[in-house]
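See below for the structure under consideration.
The values are calculated or read from the model by the stated rules, or taken from the named source; none is laboratory data. Worth saying up front: this structure is predicted, and the values here are computed from it rather than measured. Because the Cβ atoms are built from the backbone with ideal geometry, glycine has one as well, and the counts that use them run over all protein chains shown. Note: areas computed on protein heavy atoms with side chains; ligands, DNA, RNA excluded. Shrake-Rupley method; radii C 1.70, N 1.55, O 1.52, S 1.80 Å.
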Amino acid sequence: MVSAQESLQVRIPPTPCAAPGRRPDHPPPARFVNPPSPSPSPAPPAPPPERVPATPEWPDVEPTAHRPLMHWLVSLAVIVTALYFGRDVLMPLALAVLVGFVLDPLVSWLKRRSVPRALAVSLVMAATLTLLAAGGFFVYSQLRQMAGELPVYEQTITRKLRSFGDTLRQPGILDRYSRVVDKVEQELDKAQRAADSRKPAAERPTRVEVVRQAVSPWDRAGRWVDNVATPLAQAGIVIVLVFLILLDRGDLRDRALRLLGSNLHRTTDALSDAGRRVSKYLSMQLIVNATYGIPMALGLLLIGVPGALVWGLLAAVLRFVPYLGPIIGAIFPLTLAFAVDPGWDMVLWTLGLIVTLEVISNNIIEPWLYGTSTGLATLSLILAAMFWTTLWGPIGLILSTPITVVLLTLGQHLPQLQFLAVLLGSEPALDEPTHLHQRLLAGDVEEAIEVAAQYADAASPQDFYDQVALGALRLASDAHGGEATAEHHHRVLSGMERVLEDLREQHPPDAGLPVRVACIGGRWAVDALAAEMAAHALALQGIGSRVVPMGEMRSDYFAQLDLEGVELVCLGFFAADPRTLAKFFVRRLRRRWPDVRVIVAAWSPQADATEATVLEDIGADALVGSLQELVAQVRSRLLSADAAPYAPAPLPENERARLQALHASGLLAPTLRGRFDVIARRAADAFECRNAQITLVDGDWQLVHGDASAAGRPDSGAPEHGAPRADSLCGHVVATGQTLVLPDLRRDARFAAHPALTAHGLRFYAGAPLRSHDSFVLGTLCLRDTEPHQLSTRDIMLLENMADEVMRSVRAQTGARDGSLADGSPALAR
């Protein structure tokens, strides 16, 4: 029994108003309240209230969530519609721009020879039109000559077709199948006629005869004019547009820069890169087509196919049309060979010639000449050809590759068009750390192991750890506490453990190495995995190391910590700011093992503090941010007593001839000092470095002949002695013949013990070779700074171009090639 004074829970019926965020077709969950107290009279017990299960609330869906996607789709539809309906205007314009890319280098060549631009454009256009007219007349004359022999070819073709038909009509398997098919068709026709005969007369099919209306000669002439006038009008428009584009190229370029955005640096690089890629693609395409057309003409001439020169020329021209052009170019000589020769020898020889040239062109010449000139993926090329052919027809097929190259270049330089680079480029959509992390997230450990094995075999396990694995763990650490779930963490950690086990099996270290380094993961499981990578990398470098598990930093942990024989401890963290934890660990560690040196590895970049500040806060001996830096620091601290602190560059095999070329080149002439100082200062300003030098590597010394920091010295003088050759970084450039870039000398295992670090505090070095006409490396144009620097691929190319400019200026001043003048000759004095 329930007392009348006890409150009963009753269900309140749902109100018609839906709560925010809940679907209106679902009632809200039941709510229970305390009703008012009843009267004092006893009442029968009420039945238990009916509970209605609560329905899940639906998340709020903002109507603006899909607006960016809708805007993008609408914009794409508008652009495609404009391209389709505006093709009569846009096709001639795009074709004119493409021809302008081809002819502009000729105009620039004439301008450099003091020809006015208008006259240069007129001369180039006149020469181009004359060449096209001559080629068209040549093709017309050859075709007209072959037209007189068509009756003979017709008889040969008829005879071959009859013979081929007789062969097919001979009894055989095909003949039996043909009879069966004919019988089945007859039975089907008989059944159809029987069914039609049973239909009423009104439902039976009625035979209709179409009578064509006679066409008058004026109508024929009008249609012919329409068919001819339209292409001629478009050709005239293209000629006029090409002339205007070549004449006002600078103004059009400025307008394009204004339209593409306000960032002048990015738009300038985008237009320059697009022009370079399209020009290179067209020039390489011209060379490839010539290397195909000339052998085609000579081969057909030897085989005896009439009009061999015409078919070779058409084969070369038609290869500008992707995919379909080579097929169309091969049909003509094959058809003519079929028509000329009564037998099959000429057809087979022609077919063998075409197949051979296609194989050589597609597999040898094109990969060798094209290289990475376009940067387009194969699938994007095919899809672009289909897209532009659908919109603009054959002209779109010709323009598909250049237009796609321009779009790709804009996507690589302009952030608002970056999606084009992802869709069209041949570069991987995910970098290697992200790719490995994604495979681990997906639970595809087999592919992750395959990626690791391929990278480690191509480079080394240390490079894989440094460039890929640590980056993947960094991504996992950054996602902790965010969108990553516990299952994601488990997949990444367990998968990375299996990757490390496989690499240790494939690349086992020497088991007999004495343990000198202890690697400890700072706090999390990802830190412990990084410690295992560091221990494996150090062991592969001949440095005995082991992983020490991390525990709670209490007195009993440090009392049980076994560091017997350990000289150095590496403590690694993925935390954004590991100073607090590392400081406590280092202080407790030094209390018990004061002689042990400590290196803290901050695997996540420290953007808000300098290295000196962090080291002062932590109290460690060194701070590193990569595995390469860790190996360099360990080597410099442990192996200084076991090995030479710095290994000088070896001498080239042709050292004697190189020294003779150096002294005979004129580079040591005193009159070049002032010019070399100017070039060095220009290089230092361009790369924002403290110093740049032009150095010449002699037998025993590094000779400094141009110095950006040598302000106020005379413009004439002999080269000054710099560092001994044994300590010369430029000697490594001379030994390898390749550009050497050291972003941070202190963190490079090869040069961490270089004397320049302690003598001058040098941290950054980049040297490009000064190459003679005989390919001897005589010295370097080098950049030096006391702060680390990073150079991009374009920066390295610029440094190499400036080094080549030094040698060109020397040749221009001496008036002869390297080796023609001795040091201090009268020609240099001029």
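Hey, does the stretch 471-483 have a residue that's within 25 Å of the chain's Cα centre (by Cα), surrounded by fewer than 14 Cβ atoms within 10 Å (Cβ to Cβ) and not basic (Lys, Arg)?
No: the stretch 471-483 contains no residue that is within 25 Å of the chain's Cα centre (by Cα), surrounded by fewer than 14 Cβ atoms within 10 Å (Cβ to Cβ) and not basic (Lys, Arg).
So is Arg554 of a type in the set (D, E, K, R) and buried (at least 16 other Cβ atoms within 10 Å of the Cβ) or not? Explain how you work it out, then say what you get.
Details: of a type in the set (D, E, K, R): yes; buried (at least 16 other Cβ atoms within 10 Å of the Cβ): no.
For Arg554, the condition - of a type in the set (D, E, K, R) and buried (at least 16 other Cβ atoms within 10 Å of the Cβ) - is not met.
Every residue in the stretch 272-302 that is closer than 16 Å to Ala337 by Cβ and either among the basic types (Lys, Arg) or buried (at least 19 other Cβ atoms within 10 Å of the Cβ) (or both), please. Before the answer, list the steps.
If we filter the stretch 272-302 for residues that are closer than 16 Å to Ala337 by Cβ, which is where we start, we get 296-302.
Once the filter is applied, which keeps residues that are closer than 16 Å to Ala337 by Cβ and either among the basic types (Lys, Arg) or buried (at least 19 other Cβ atoms within 10 Å of the Cβ) (or both), the stretch 272-302 yields Met296, Ala297, Gly299, Leu300.
With the stretch 165-269 as the region, which helices (runs of 4 or more DSSP H) entirely inside it contain at least 1 residues that are at pLDDT 70 or above, open to solvent by less than 60 Å² (accessible area, probe 1.4 Å) and closer than 30 Å to Val102 by Cβ?
Numbers: elements: 173-197, 217-247, 249-260.
Output list reads 217-247, 249-260.
If Ala308 satisfies every condition in (1) open to solvent by less than 20 Å² (accessible area, probe 1.4 Å); (2) small (Gly, Ala, Ser); (3) more than 21 Å from Leu132 (Cα to Cα) but one, which is the exception?
Every listed condition holds for Ala308 apart from (3).
Could you go through the stretch 564-575 and let me know if any residue there is part of a loop (DSSP other than H, G, I, E, B), within 44 Å of the chain's Cα centre (by Cα), aliphatic (A, V, I, L, M) and at pLDDT below 75.
Step one: list which residues in the stretch 564-575 are part of a loop (DSSP other than H, G, I, E, B), which gives 564-567, 574-575.
Going one step further and asking which of them are within 44 Å of the chain's Cα centre (by Cα), we end up with 574-575.
Still in the running and aliphatic (A, V, I, L, M): 575.
Subset that is at pLDDT below 75: none.
Within the stretch 564-575, not a single residue is part of a loop (DSSP other than H, G, I, E, B), within 44 Å of the chain's Cα centre (by Cα), aliphatic (A, V, I, L, M) and at pLDDT below 75.
Here's the yes/no breakdown for (1) closer than 16 Å to Asp269 by Cα; (2) of a type outside the set (Gly, Ala, Ser):
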| residue | (1), (2) |
| --- | --- |
| Ala377 | no, no |
| Ile382 | no, yes |
| Thr390 | no, yes |
| Ile395 | no, yes |
| Ile403 | no, yes |
| Thr409 | yes, yes |
| Gln412 | yes, yes |
| Gly425 | no, no |
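For the condition β-branched (Val, Ile, Thr), surrounded by fewer than 15 Cβ atoms within 10 Å (Cβ to Cβ) and farther than 30 Å from Val526 by Cα, what is the one hit in Val422, Val405? Walk me through how you get there before you give the answer.
Details: Val405 fails: surrounded by fewer than 15 Cβ atoms within 10 Å (Cβ to Cβ).
After ruling out the rest, the residue left standing is Val422.
Out of all the residues in the stretch 501-548, which are touching a residue at least 24 places away in the same chain (Cβ under 8 Å), open to solvent by 60 Å² or more (accessible area, probe 1.4 Å) and of a type outside the set (Asp, Glu)?
Looking only at the stretch 501-548, we keep the residues that are touching a residue at least 24 places away in the same chain (Cβ under 8 Å), and these are 502-504, 506-507, 509-510, 513-527, 529-534, 536-548.
Subset that is open to solvent by 60 Å² or more (accessible area, probe 1.4 Å): 504, 506, 510, 514, 523-524, 540-541, 546-547.
Across the stretch 501-548, the qualifying residues are Arg504, Gln506, Pro514, Arg523, Trp524, Leu540, Gln541, Arg546, Val547.
Would you confirm whether or not the stretch 768-779 contains a residue that is open to solvent by less than 50 Å² (accessible area, probe 1.4 Å), within 23 Å of Leu659 (Cβ to Cβ) and in contact with a Pro (Cβ under 6 Å, 6 or more places away or on another chain)? Break it down into steps so the answer makes sense when it comes.
As a first pass, look at the stretch 768-779 and keep what is open to solvent by less than 50 Å² (accessible area, probe 1.4 Å): 768-770, 772, 776-779.
The next check asks that each one be within 23 Å of Leu659 (Cβ to Cβ); those that pass are 768-770, 772, 776-779.
Next cut, in contact with a Pro (Cβ under 6 Å, 6 or more places away or on another chain) only: 777.
Yes, the stretch 768-779 contains a residue that is open to solvent by less than 50 Å² (accessible area, probe 1.4 Å), within 23 Å of Leu659 (Cβ to Cβ) and in contact with a Pro (Cβ under 6 Å, 6 or more places away or on another chain).
Among residues belonging to the stretch 86-108 that are closer than 12 Å to Ile239 by Cα and open to solvent by 30 Å² or more (accessible area, probe 1.4 Å), point out the one that is farthest from the chain's Cα centre (by Cα).
Leu93
How many of the residues in the stretch 440-465 are under 21 Å from the mean Cα position of the chain (by Cα) and open to solvent by 10 Å² or more (accessible area, probe 1.4 Å)?
Of the residues in that region, 6 qualify.
Any idea which residue in the stretch 683-727 is farthest from Ala759 (Cα to Cα), counting only those that are without any contact (Cβ under 8 Å) to a residue 24 or more places away in the chain and not in a loop (DSSP other than H, G, I, E, B)?
Asp685
Which numbered condition trips up Pro326, out of (1) under 30 Å from the mean Cα position of the chain (by Cα); (2) open to solvent by 40 Å² or more (accessible area, probe 1.4 Å)?
(2)
Report the residue count in the stretch 560-571 for those that are touching a residue at least 12 places away in the same chain (Cβ under 8 Å), of a type outside the set (Asp, Glu) and surrounded by fewer than 23 Cβ atoms within 10 Å (Cβ to Cβ).
Of the residues in the stretch 560-571, the ones touching a residue at least 12 places away in the same chain (Cβ under 8 Å) are 561-563, 565-571.
The next check asks that each one be of a type outside the set (Asp, Glu); those that pass are 561, 563, 565-566, 568-571.
Then drop every residue that is not surrounded by fewer than 23 Cβ atoms within 10 Å (Cβ to Cβ), which leaves 561, 563, 565-566, 568.
Of the residues in the stretch 560-571, 5 are touching a residue at least 12 places away in the same chain (Cβ under 8 Å), of a type outside the set (Asp, Glu) and surrounded by fewer than 23 Cβ atoms within 10 Å (Cβ to Cβ).
Being at pLDDT 90 or above, in contact with a helix residue (DSSP H, G or I) (Cβ under 9 Å, 6 or more places away or on another chain) and open to solvent by less than 70 Å² (accessible area, probe 1.4 Å) is the filter here, so list the residues in the stretch 118-145 that pass it.
Those that are at pLDDT 90 or above, in contact with a helix residue (DSSP H, G or I) (Cβ under 9 Å, 6 or more places away or on another chain) and open to solvent by less than 70 Å² (accessible area, probe 1.4 Å): Ala118, Ala120, Val121, Ser122, Val124, Met125, Ala127, Thr128.
How many residues does the stretch 295-345 contain that are charged (D, E, K, R) and modelled with pLDDT of 85 or more? Let's see the steps before the verdict.
Step one: list which residues in the stretch 295-345 are charged (D, E, K, R), which gives 319, 341, 345.
When the remaining residues are screened for being modelled with pLDDT of 85 or more, the result is 319, 345.
Number of matching residues: 2.
Going by what's in this entry, would Phe574 be described as crowded, with 19+ Cβ neighbours inside 10 Å, of a type in the set (Phe, Trp, Tyr) and in contact (Cβ under 8 Å) with a residue 12 or more places away in the chain?
Values: crowded, with 19+ Cβ neighbours inside 10 Å: yes; of a type in the set (Phe, Trp, Tyr): yes; in contact (Cβ under 8 Å) with a residue 12 or more places away in the chain: yes.
Yes.
Show the residue pairs that are 6+ apart or on different chains and have beta-carbon atoms under 9 Å apart, the first residue being within the stretch 138-155 and on the phi < 0 side of the Ramachandran plot and assigned to a helix (DSSP H, G or I), the second being at pLDDT below 75 and open to solvent by less than 80 Å² (accessible area, probe 1.4 Å).
Met146/Tyr153
Criterion first (under 18 Å from Ser772 (Cβ atoms), among the hydroxyl-bearing types (Ser, Thr, Tyr) and buried (at least 21 other Cβ atoms within 10 Å of the Cβ)) does Thr695 satisfy it? Show your work before the answer.
Details: under 18 Å from Ser772 (Cβ atoms): yes; among the hydroxyl-bearing types (Ser, Thr, Tyr): yes; buried (at least 21 other Cβ atoms within 10 Å of the Cβ): yes.
When the stated conditions are applied, Thr695 passes them.
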